[in-house]
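Heads up: the structure comes next, in structure tokens.
What follows is calculated from the coordinates using simple rules that are stated; it is not laboratory data. Keep in mind that what you see is a predicted model, and the values were worked out from it rather than measured. Positions of Cβ are backbone-derived with ideal geometry, glycine not excepted, and every protein chain shown enters the neighbour counts.
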Amino acid sequence: MTNAIEIQRLCYRAGRTFEIKDLDLHVPQGAIYGFLGPNGCGKTTTIRLMLGLLRPLAGRIELLGSAVPRDVASILARVGFVPEQPHLDPMLTVRETLAFHAAFYPTWDRPWAERLRAQFELPDDQLFGRLSKGQKGKLMMLVALAQRPELLVLDEPTDGLDPVVRRDVLSALLEYVSQRQATVFISSHLVHELERFCDWIGVMDDGRLIIEVPMERLKNGIKRLRIGGTPATADNAPFVLLAREPANGSGETWLVREWEPHMATYFDGPGVSLHEVIDLDLEEGFVELLRTFRGPRA
Amino acid sequence: MFRVILYSQWKWSRLIVLLGSVAGFALPLISVHGAARADSSPLQAPELLHAVQSWGVLYPVLAATLGLLVAMASWTPDHRGRHVYALVLPVPRWRYVLLRFGAGALLLAAPITAVLVGALAVLVAFAVFFAVSAGTARTAGIVLALIGGVMLVQVITNVARVDLDLVGKLQLLVLNWPGPLAIFTGRWMLIDV
């Protein structure tokens, strides 16, 4: 499978404290890739590097098979982008905003743009600066979709929107993806939102990618195990041990990922027993992943 | 592409362009007006030239102000959006910069033309003045014929008891600001050459 986004050993530094170091990221063609991470972890910076808005110190970025920043102008003709903030021209009306962007994108689909405008109930003659936050969010998604892009890069597109608007925006997005088989790279810290429709997930913290796996594997593979006894090590474990803590009494609680039911036999040894396997939802898994990642460094 | 860039810049610059155009048109006229003497006595040519010249410093000031404001307005939509949408448009950056520059330059054409028109008005004023002062028989004849024609119409309408103050209306319309011949209301018509 080819990758719509391929990032290798990407390095970037902003100021003294923030750094992206040796970032590797792979987004398969046709995937809906959720890019999770807490605020300030480097998600937006990574997106800006991907789109050529920032220059990396080192590393390689390829979008749709072409190198960034070398071929960025031709790449951007095939990429729809929704930024984190409403950055459109506040002096243009909705109609003028659409006309402005239509002039730059050869693949702009006017009838569909008009249909989406009506579906989103966006007033034609209203200045962008006077639209509500929800309307701005809808218009930015409209602008990105009407280009009929092969790749959609969405930086927290529903952040701060009410549930109704969020549903409208995401419905339009999913409708487009199902029609066009486009790739979507969506950054968010709203874990439940991504859980609904992403098929890949990447988790970032402090400028580093902690994990990049198919969504199902992450959802089903992260477990909390209640263990009787205290195993000395977990060196040969068939799963990845993220954290271990003493539990009440004599046992321990382990947080593991890549867990599968047959691995319970690992605890069949003397003095150790597996008492319980607890499912974690994605949000709990996400929090535990971050906690584990930060723990040894703290 | 250029059309939409031009339009977006027009929306940010239109007030500057309109005020600049008015200023550009008015400046040459005001400079001639300023030459008038309070006592309505005839002006000498050096006096007129000096008066016009004293306003000359405002031309570069106007040009610099307009250039500065239009340049700022050209980038305002992008600055407001922190250049995010501008930089993700699928055009090379040098081309985008040229589009913005070209649109700004085209918008400046309006005040530039206005200054030229204003300057032309000064030249026209000078030309008419010189023609009248030179007082060739032909020029005097044409001017007198025009004035005579208007007077004749006025007399005829008066005789016919038609309520029409043609002379008064023409005078107000043509000679009062912003009438096209308002520049001729300056006292420079009395310059001795």
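Here is how the numbers come out for the structure above:
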item: Full-extension gain in nm, B:Y7 to B:V97, via 0.36 nm per residue minus C-alpha separation; result: 30.9 nm
item: Estimated [θ] at 222 nm from DSSP helical runs (n ≥ 4, -39500 (n - 2.57)) normalised by residues in chain A, nearest 500; result: -9000 deg cm²/dmol
item: Cβ-derived FRET efficiency at R0 30 Å, A:V287 paired with A:A237, nearest 0.05; result: 0.85
item: Ranked list, fewest to most other Cβ atoms within 10 Å of each Cβ, for A:D281, A:D168; result: A:D281, A:D168
item: Cβ-placed point charges (K, R +1; D, E -1), dipole of the protein assembly as shown about Cα centre in debye, nearest 20; result: 1640
item: Of all DSSP beta bridges in the protein assembly as shown, antiparallel share, percent nearest 5; result: 70
item: Rounded, prolate or oblate (a/c below 1.5 giving rounded, otherwise prolate when a/b exceeds b/c) for the range A:223-279 by Cα gyration tensor; result: rounded
item: A:R244 versus B:V22: modelled label distance in nm, points set 7 Å from Cα along the beta carbon direction; result: 8.2
item: Residue order, fewest to most surrounding Cβ atoms within 10 angstrom, among A:F293, A:F100; result: A:F293, A:F100
item: For B:F25, A:F239, order by how many other beta-carbon atoms lie within 10 Å, fewest first; result: A:F239, B:F25
